[in-house]
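To start, the structure itself, in structure tokens.
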Amino acid sequence: MKALVRAFILVFIIAFAFMFLSSRLNATQDFAGGGKTLTIYNWGDYIDPQLIKKFEQQTGIQVIYQTFDSNEAMMTKIEQGGTTFDVAVPSDYTISKMKEEHLLIPLDHSQLPNLKYISPRFMNLSFDKGNKYSVPYFWGTVGIVYNADMLGGKKITSWNDLWDKDLKNQILLVDGAREVMGLSLNSLGYSLNDTNEAHLQQAKAKLNQLTPNVKAIVGDEIKMLLANEEAAVGVVWSGDAAEIMSENNKLNYVIPKEGSNLWFDNMVIPKTAKNVKGAHAFINFMLDPKNAAQNAEYVGYSTPNEKALKLLPKDVSTDKRFYPDKATTDKLEVYDNLGKRMLAHYNELFLEFKMHHK
Ligand code: N2P
């Protein structure tokens, strides 16, 4: 009997040793890049799918690609941790928030040699000094795209123009809490980072007055709707405007005169990443000037990559509406990380406005 028990124990030990060794072996293979997967979490319509294929072919890594439509949705999912992501692309204030909540790992710059192609203008920004946790992907502004023909030749120059009685049911709004609260605050002459409760309530009340002019609050379909002239006016991110304007030449884009938002979307590696080496490889791949130029041309957004910019058609790279100079962007505001509670409050006010709209 004793011998039988001993034999059992021996078999167990051998089986465990085998399992352990083979898992170590897999780990080394993974490290070499063989057959490992990489899970990427990016904004919708924000990459040329051909580039994902190219990356897979070059590295043998299989990409699992998921999209989000707001910083808030992205961050909630990363916090919950159900799905783990190797690369994500949050904006400025969200990067600051994710750093604060220890959701990011520091980048190893020695694995990102292509970082040298990024213009110094987009490096070392206040939300991530030294680019310890993030590197530039796209940048842009928030503004108004409008169809002058549909407006009887009327030009739009300011946020306050949106309240014009003639725009009844003509406006599509991007589905973003900071963007929509921000435009209302800006229209009142306040900062889009204002935290004064009276100002915030005033901004929300003013948004409610915009309701008759608002046709819908939408996600990425905003581009298709505006290009098809389903509405005359849209509040959009600049790159979406560029994309729509390439499909419908009656449209124009303006950064409203009261001021607006300047934003930066950067690539980061979330704390839960399983393929940190692959994540660096992907980030470096997207920083490659040829790939960055191809991506910018496909998506329509503005590249922070100096060398990629030189590869773009002149009419694109010299278009001041989408590549505003520093003097212009210096007058715009980047969203501050207002802290968990204040950001939740912005979301709440925006949600109340959305309910009011329905
Ligand atoms: C792309 C959305 C761009 C996000 N669909 C702007 N931060």
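The values are calculated or read from the model by the stated rules, or taken from the named source; none is laboratory data. Fair warning: this is a prediction, and the values are worked out from it, not measured in the lab. Neighbour counts run over all protein chains shown; Cβ positions are idealised from the backbone, glycine included. Just the protein is used for accessible areas: all its heavy atoms, side chains included, with ligands, DNA and RNA removed. Shrake-Rupley method; radii C 1.70, N 1.55, O 1.52, S 1.80 Å.
Remarks
- Pairs, first free of Cβ contacts under 8 Å to residues at least 40 places away in the same chain in region 326-347, second among the β-branched types (Val, Ile, Thr), C-beta under 9 Å, six or more apart: GLY339/THR195
- Enumeration of residues in region 105-128 that are part of a helix (DSSP H, G or I) and either within 16 Å of the ligand (Cβ to nearest atom) or open to solvent by 30 Å² or more (accessible area, probe 1.4 Å) (or both): HIS109, SER110, GLN111, PRO113, LYS116, TYR117, PRO120, ARG121, PHE122, SER126, PHE127, ASP128
- Among the residues of region 293-304, those that are of a type outside the set (Ser, Thr, Tyr), more than 15 Å from SER246 (Cα to Cα) and within 16 Å of the ligand (Cβ to nearest atom) comprise ASN295, PRO304.
- For region 208-227, residues that are more than 11 Å from the ligand (Cβ to nearest atom), outside any strand (DSSP E or B) and touching a strand residue (DSSP E or B) at 6+ places or on another chain (Cβ under 9 Å) total 5.
- Pairs, first more than 21 Å from PHE282 (Cβ to Cβ) in region 89-108, second basic (Lys, Arg), C-beta under 7 Å, six or more apart: HIS102/LYS271
- Test: residue in region 335-342 that is among the basic types (Lys, Arg), modelled with pLDDT of 95 or more and more than 16 Å from the ligand (Cβ to nearest atom): yes
- Condition check for VAL180: modelled with pLDDT of 95 or more, buried (at least 22 other Cβ atoms within 10 Å of the Cβ) and within 22 Å of VAL299 (Cβ to Cβ): no
- Matching option when the condition is more than 16 Å from the ligand (Cβ to nearest atom), part of a helix (DSSP H, G or I) and open to solvent by 20 Å² or more (accessible area, probe 1.4 Å), among LYS274, LYS257, LYS331, LYS307: LYS307
- Condition check for THR67: at pLDDT 95 or above, part of a helix (DSSP H, G or I), polar (S, T, N, Q) and within 16 Å of the ligand (Cβ to nearest atom): no
- For region 136-153, the criterion of being without any contact (Cβ under 8 Å) to a residue 40 or more places away in the chain and within 30 Å of HIS357 (Cα to Cα) is satisfied by at least one residue.
- Under the condition of being more than 19 Å from the chain's Cα centre (by Cα) and over 30 Å from SER110 (Cα atoms), the residues counted in region 129-164 number 20.
- Selection within region 62-104 - open to solvent by 50 Å² or more (accessible area, probe 1.4 Å), in contact with a Ser or Thr (Cβ under 9 Å, 6 or more places away or on another chain) and farther than 14 Å from ILE40 by Cα: GLU72, LYS99
- Of the residues contained in region 184-192, none is found to be assigned to a helix (DSSP H, G or I), in contact (Cβ under 8 Å) with a residue 60 or more places away in the chain and either within 14 Å of the ligand (Cβ to nearest atom) or open to solvent by 40 Å² or more (accessible area, probe 1.4 Å) (or both).
- Qualifying residue in region 72-87 (condition: part of a strand (DSSP E or B) and within 16 Å of the ligand (Cβ to nearest atom)): yes
- Considering region 228-254, and only residues there that are more than 23 Å from LEU210 (Cβ to Cβ) and crowded, with 16+ Cβ neighbours inside 10 Å, the residue that is nearest to the ligand (Cβ to nearest atom) turns out to be GLY239.
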